[in-house]
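Structure record follows, encoded as structure tokens.
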Amino acid sequence: MNRIQLLVFVSLILFVLNVSASSLFAKAPTTPKILFASSRDGNREIYMMNPDGSEQVNLTRHRGADVDAVWSPTGEQILFVSDRDGIRDLYLMDPDGDNVRRVFKKDAYRDEPAWSPDGKQIAYTYAEGLGSPSFIYTATLGDQKEELITRGFYPAWSPDGTEIVYITYVPIGHARRVTFVDVRTQKLTRLLPKEAMDWQNFPSWLATSDKLVFSWNKHPLPPDFDPLKDRFPPVWRNKETIYIVNRDGTDLQQLVDEAGSYAQYPASSPNGDDVLYTQETHGHFQIFKINVNSGIQTQLTHVAGRNLGGDWFDPAYALPVSPQPELLTTTWGDVKKQ
């Protein structure tokens with residue numbers, strides 16, 4: 001078979017499978033890159049930048065609102081959320097922003113995506129519509145069959161693939177709790193230690209250890225506060241900040257102090273040394289990173305608007321293999337370092 005015949009054959013296969021040829025040949029970044037969302041141009045778009053904040057590039061350039069971008073484990077695809085077709089749903093694109101396509105054919109309100117460590121599945125929040133109850137679903141890419149896991153939001157897949165950590169809303173006291181569910185049995189395994197009032201959000205795993213980062217406001221709300229009628233009191237709201245904790249709930253440490261505005265959206269660097277987070281400063285939301293060991297903080301964005309979130313890819317830590325369920329995350333992290 002000559003080269004022309006081979007190309008025709010491959011094109012026919014891709015047509016039958018409804019797969020774009022550009023996705024087949026998409027290349028992962030060769031240097032570390034961070035994805036984030038920004039409204040700097042008057043519309044929320046997905047941007048990419050270097051770990052020092054340089055070379056910030058708009059990937060989506062679409063009139064729809066594009067947010068919540070996350071790298072596939074190999075860096076060859078980007079999963080993100082967009083309302084470009086009228087409803088907030090999941091999309092895929094190549095690392096250069098090309099070849100944008102929907103994940104699902106049937107419309108639904110899907111949000112807050114996360115990849116499984118082997119890149120074969122995704123977890124996300126599913127709702128019938130804005131304001132409806134939220135549930136955690138998973139789907140296998142390729143057949144797009146959706147599976148209900150539990151009720152909750154902000155899912156994050158453990159590095160060993162056995163658990164999903166997410167947030168449970170507890171109506172009594174208006175609490176939000178970091179909760180763990182076994183992916184195979186769909187049974188709740190545990191919660192982080194309970195305080196008098198918990199307001200925990202945005203859990204994220206450190207890929208190289210049995211640790212989590214999350215945002216937390218551990219201060220009680222005013223007893224007469226009604227979330228259906230009032231906004232959060234600013235003095236209370238600004239006490240939410242970033243914590244790190246072992247998988248079993250031990251060794252809880254505060255990474256970012258409570259000075260200034262509230263801090264959210266923590267995400268670990270691939271080597272576990274740094275944590276990205278978002279915090280308002282001088283009237284605008286900016287993205288920072290903090291070194292877990294030294295506590296040194298660095299502001300990465302300086303542009304007016306809402307700069308939010310962050311997901312970090314490093315080709316040195318990308319492995320196109322599946323972790324085994326029996327492996328501890330510490331072992332998996334050690335393998336990724338080799």
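The values are calculated or read from the model by the stated rules, or taken from the named source; none is laboratory data. Just so you know, these numbers come straight off a predicted model, no measurement behind them. Counting neighbours? That spans all protein chains shown, and the Cβs are built from the backbone with ideal geometry, glycine included. These area figures cover heavy atoms from the full protein model, side chains too; ligands, DNA and RNA do not enter into them. Shrake-Rupley method; radii C 1.70, N 1.55, O 1.52, S 1.80 Å.
Here Glu55 sits with roughly 130 square angstrom of accessible surface, probe radius 1.4 Å. Under the combined filter of DSSP loop state and at most 11 neighbouring Cβ atoms within 10 Å, the stretch 215-288 retains these trypsin sites (Lys or Arg not before Pro): Lys229, Arg231.
Summing Lys and Arg as +1 and Asp and Glu as -1 over all other residues whose Cβ lies under 11 Å from the Cβ of Val67 gives a net charge of -3. Under a point spin-label approximation (7 Å from Cα along Cα-to-Cβ), what is the Tyr169-His284 distance to one decimal in nm? In this crude spin-label approximation the distance works out to 3.2 nm. Taking all protein chains together and a 1.4 Å probe, the residues Asp111, Asp248 rank Asp248, Asp111 from largest to smallest accessible area.
Asp311 contributes an accessible area of around 40 Å² to the protein surface, as traced by a 1.4 Å probe with all chains present. For the stretch 154-161, backbone phi angles converted through the Karplus equation (6.51, -1.76, 1.60; θ = phi - 60°) give residue-by-residue couplings of 6, x, 9, 7, 5, x, 8, x Hz, Gly and Pro being listed as x. Charge tally for Phe135 (other residues, Cβ to Cβ under 12 Å; Lys, Arg +1; Asp, Glu -1): -3. Ranking Arg177, Arg44, Arg151 from most to least accessible surface, computed with a 1.4 Å probe over the protein chains only, gives Arg151, Arg44, Arg177.
Rg ratio for the stretch 257-318: its Cα radius of gyration over 2.2 N^0.38 Å, N being its residue count, equals 1.13.
Measuring r between the beta carbons of Asp248 and Asp118 and using R0 = 25 Å, the FRET efficiency lands at 0.55. Applying the criteria of a DSSP loop state and at most 14 other Cβ atoms within 10 Å to the GluC sites (Glu not before Pro) of the stretch 82-149 yields Glu128. Cβ-Cβ distance of Arg102 and Asn58, R₀ of 22 Å, FRET efficiency by 1/(1 + (r/R0)^6): the value works out to about 0.60.
Backbone phi angles across the stretch 139-144, fed through the Karplus curve with coefficients 6.51, -1.76 and 1.60 (θ = phi - 60°), yield HN-Hα couplings of 8, 8, 5, x, 9, 6 Hz in residue order; Gly and Pro are listed as x. Amide H contacts of Ala207 (H built 1.01 Å from N, in plane; Pro and chain starts excluded): Gly272 sit under 5 Å, all sequence-distant by 5 or more or on other chains. For the stretch 55-104, just say rounded, prolate or oblate: build the C-alpha gyration tensor, square-root its eigenvalues into a ≥ b ≥ c, call rounded for a/c under 1.5, and beyond that prolate if a/b exceeds b/c, oblate if not. Taking the square roots of the gyration eigenvalues as a ≥ b ≥ c, the stretch 55-104 is oblate. Taking the Cβ of Asn50 as the center, what net charge do the other residues with Cβ under 15 Å away carry, scoring Lys and Arg +1 and Asp and Glu -1? Net charge in that neighbourhood comes out at -3.
Multiplying the residue separation of Asp143 and His219 by 0.36 nm and removing their Cα-Cα distance gives an extension gain of 22.9 nm. Less than 5 angstrom separates the built amide H of Phe153 from those of Ile167, all sequence-distant by 5 or more or on a different chain. Which log10 I(q)/I(0) values does the stretch 117-266 give at q = 0.08 Å⁻¹ under the Debye formula, counting every alpha carbon as one identical point scatterer? The computed values of log10 I(q)/I(0) come out as -0.24. Over the stretch 57-110, Cα pairs under 8 Å with separation of 6+ residues give a relative contact order of 26 percent.
Counting other Cβ atoms within 10 Å of each Cβ, which chymotrypsin sites (Phe, Trp or Tyr not before Pro) in the stretch 57-111 have at most 16 and sit in a DSSP loop? In loop regions of the stretch 57-111 (DSSP not H, G, I, E or B), the sparsely surrounded chymotrypsin sites (Phe, Trp or Tyr not before Pro) are Phe104.
Computed on protein heavy atoms with a 1.4 Å probe, the accessible areas place Asp68, Asp274, Asp85 in the order Asp85, Asp68, Asp274, largest first.
Is the shape of the stretch 25-127 rounded, prolate or oblate, going by the alpha carbon gyration tensor and its root eigenvalues a ≥ b ≥ c, with a/c under 1.5 for rounded and a/b larger than b/c for prolate? Oblate.
When the listed pairs Lys105/Lys187; Lys33/Lys211; Lys105/Lys239; Lys33/Lys120; Lys145/Lys239 are checked against a 31 Å cut-off, the alpha-carbon distance exceeds it for Lys105/Lys239; Lys145/Lys239.
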